[in-house]
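Data first, discussion second: the structure below is written as structure tokens.
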Amino acid sequence: MVKSRIGRIGSRLIAWSLVLMPVVTSAGELGDFHSEVADAYAPYRSAMFYLRTGNPGVATLELDAARQGWQAVVDRFAKNPPDAFADDTAFVETLASVQSAFDDGLSALDQGDADVAAKALGPVRTSLAALRQRNGLRTFSDCVDDMNAAMDRLWAFRHEPPAFDQPTEVNAVKREAAVTEFFYRRCHDQASADLKESAEFKRLFEGSLQSLPLIFDALDQGSEGHLINILRELRSFDRMIWLNYG
């Protein structure tokens with residue numbers, strides 16, 4: 001384990017020394033950048049999923065794949081960013097922070113500490129979203145992030161359900177349910193044609209969009225148990241959508 005950590009630290013130093021070498025390749029295309037980032041981000045999502053579900057062994061394999069994919073991003077784009085990032089003075093710093101997070105996550109898993117690994121990896125999602133946002137870019141991943149954030153707000157009522165005899169509290173849940181449905185429908189509509197043809201995509205989104213209106217029925221009936229069951233189902237859909245398409 002010590003050797004593996006030392007090896008990764010050494011490879012990190014070598015990689016970033018190469019960043020400082022003169023550029024000899026042409027500027028990468030934005031589409032290629034998004035594609036390669038997505039290739040690294042998919043196993044990162046899987047690693048986070050397996051950490052949450054208590055399977056650090058598989059999480060390690062997925063995170064190692066994410067790190068290798070990210071190394072390809074660094075090698076091609078760190079000193080050679082697409083034009084969209086040409087004026088972003090924090091571009092290289094962001095790439096380095098993601099690589100460091102992957103290294104730190106793997107080191108923590110080597111030491112058997114899944115909680116520390118998850119904490120180290122947590123900022124990757126927000127770092128990449130911030131990179132796109134400050135450069136005026138948006139991908140489907142950002143749409144899913146907005147959708148997940150709306151579901152997070154709605155999920156809060158799982159543990160703090162409204163007082164059903166208080167219209168203000170009931171209406172607050174209805175408002176969040178309506179906002180969440182908006183974001184789900186927007187992501188569904190913005191998905192590529194290929195995604196929309198996927199059976200899994202249809203199952204997850206159609207299931208979510210069928211369940212969301214049921215919240216209003218549960219609230220009108222004053223049924224806390226029904227509300228909680230719907231929120232649990234939606235939470236499951238929400239997590240699987242991020243795992244597959246985030």
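Read the figures in this text as sums done on the coordinates, not as results from a lab. Just so you know, these numbers come straight off a predicted model, no measurement behind them. Cβ coordinates were reconstructed from backbone atoms using ideal geometry, including for glycine residues, and neighbour counts include every protein chain displayed.
Residue under question is GLN68, and the condition is that it be more than 20 Å from ALA129 (Cα to Cα) and either in contact (Cβ under 8 Å) with a residue 60 or more places away in the chain or touching an Asp or Glu at 6+ places or on another chain (Cβ under 7 Å) (or both); does it hold? So GLN68 fails the test. Name the helices (runs of 4 or more DSSP H) wholly within segment 98-169 that hold at least 2 residues that are closer than 19 Å to PHE33 by Cβ, under 12 Å from the mean Cα position of the chain (by Cα) and touching a residue at least 12 places away in the same chain (Cβ under 8 Å)? Ranges flagged: 123-134, 140-159. Just one of (1) over 23 Å from ARG125 (Cα atoms); (2) surrounded by 14 or more Cβ atoms within 10 Å (Cβ to Cβ); (3) acidic (Asp, Glu) fails for GLU197. It is (2).
Scanning segment 217-240 for residues that are among the polar types (S, T, N, Q) and under 20 Å from the mean Cα position of the chain (by Cα) yields a single hit, SER236.
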